[in-house]
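See structure below.
We did not get these values from a lab; they are worked out from the coordinates using the rules stated. If you're wondering where the values come from, they're calculated on a predicted model, not measured in any experiment. Here the Cβ positions follow ideal geometry from the backbone for every residue, glycine too, while neighbour counts run over all protein chains shown.
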Amino acid sequence: MSTDLIGPVCIGLVSLLTSGFTLFSGFGLGTILMPVFALFFPVPLAVAATAVVHFAGNLFKFGLLAKQADWPVVVRFGVPAALAATAGAALLNLFDRLPAWGSYQLAGTVHHVTAVKAVIGVLIVLFALLELSARFQALQLPPRWLPLGGALSGFFGGLSGNQGALRSALLIKAGLRKEAFVATGVVAAIIVDATRLMVYGVGSVPQHIFGSKALTGSVLAGTVCAFIGAWVGKRVLRKVTLRAVQIVVAAGMLVIGTGLATGLI
């Protein structure tokens, strides 16, 4: 396979599987897809490209589930999320402008430890550990924490693309039916994605996501496959609880996050 096709094929496959398996969990696409993008592109571009795929995929899901959203919950959760996403995205732009913290040589190759890679890498590792934590999975948070949860989810969404775990942990305790839970989460994610894309577009992250053929192909492949995965997921996967898959994904996130933080990737 041509090296120019490896990125789009890998990203498309991950997007297809993740979008389908995570439709009813309410999160997962951005969390899993961003590290895969980071294997092929600079971290700020990987975060922004993931936001494009995530935003487009959620618009498609919204078309499938729009009538089920609980709009009062959307307002309480989504407005703080949007405000905090602006701060998180601005902080990503700031980290991207900082000089490298240091460099080292390993196996004849020079590796640079930068602020943006270190921060994103550490966050990926932390969210991977949350995925593995039984205590986090059983977390009980009352509905009155929705605005604060929205702010935390939006901030980390703007900074690293990892917003879904916190969002779902709160929304699932809000007394919503399964369909309303999924649809409300989709609307909240759209609000955060739209906000952070606007900030990425005016900050130091390159404005032209589609400036290279490789990135264009990867974003399009990820987007189309996310559509297909969501469509199939709505019709076939009524409820998927695959702890083994969750462990494998979290392990991969740990490896990639550690690689980013240490400059290996």
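Given the Cα-Cα distance of L5 and V122 and 0.36 nm per residue of separation, how much length would full extension add, in nm?
39.2 nm
Compute the length gained on full extension between A134 and V255: take 0.36 nm times their separation in residues and subtract their Cα-Cα distance, giving the result in nm to one decimal.
So the extension gain works out to 41.5 nm.
Suppose each label sits 7 Å from its Cα in the direction of the beta carbon; what would the Y104-L148 distance come out to in nanometres?
3.8 nm
Using only alpha carbons, build the gyration tensor for segment 54-165 and give me the equivalent ellipsoid semi-axes, biggest first, whole Å.
33, 17, 14
So what J values fall out for segment 62-72 if you push phi through Karplus, 6.51 cos²θ - 1.76 cosθ + 1.60 with θ = phi - 60°, rounded to Hz, Gly and Pro as x?
Coupling constants for segment 62-72: 4, x, 7, 10, 3, 5, 8, 5, 9, 6, x Hz.
Net charge near L83, counting Lys/Arg +1 and Asp/Glu -1 over other residues with Cβ under 14 Å of its Cβ?
Around L83, the charge tally is +2.
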